[in-house]
1. Which ones in region 2-31 are surrounded by 13 or more Cβ atoms within 10 Å (Cβ to Cβ), within 15 Å of LEU70 (Cα to Cα) and without any contact (Cβ under 8 Å) to a residue 60 or more places away in the chain?
2. Given the structure, is GLY16 modelled with pLDDT of 95 or more and out of contact with any Asp or Glu (no Cβ under 9 Å at 6 or more places or on another chain)?
3. Considering only residues of region 57-80 that are without any contact (Cβ under 8 Å) to a residue 60 or more places away in the chain and in contact with an Asp or Glu (Cβ under 8 Å, 6 or more places away or on another chain), which is farthest from ILE7 (Cα to Cα)?
Amino acid sequence: MAYAIQIMPSALRALGRLPKPLQERIRDRIDALAAVPRPPGVAKMAGPEALYRIRVGDYRIIYEIRDEVLVVLVVRIGHRKAVYRGR
């Protein structure tokens, strides 16, 4: 079954500020999460929340998988140096 993709407004704004070629790479990875929400290379993040992270070059996509309603919620997109701040 395919998961629905939802992107938080703050993550969408962060994506819009990136260069177009990088935006396309990140969008492709996000779209692929609909079919396989836990692809090879994904890492579950430490902490009380059930968040996952996937790499796209120097950028990270932080997302939550809601298996009960088949939704992948993209929480944050950002450079690896800044994306983990303020969790």
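1. Of everything in region 2-31, just one residue is surrounded by 13 or more Cβ atoms within 10 Å (Cβ to Cβ), within 15 Å of LEU70 (Cα to Cα) and without any contact (Cβ under 8 Å) to a residue 60 or more places away in the chain, namely ILE30.
2. Values: modelled with pLDDT of 95 or more: yes; out of contact with any Asp or Glu (no Cβ under 9 Å at 6 or more places or on another chain): yes.
Judged against the criteria, GLY16 is a match.
3. Going through the qualifying residues, I end up with ARG80.
The values are calculated or read from the model by the stated rules, or taken from the named source; none is laboratory data. It should be emphasised that the depicted structure is a prediction, and the values quoted were computed from it without experimental measurement. Backbone-built Cβ (ideal geometry, glycine too); neighbour counts: all protein chains shown.
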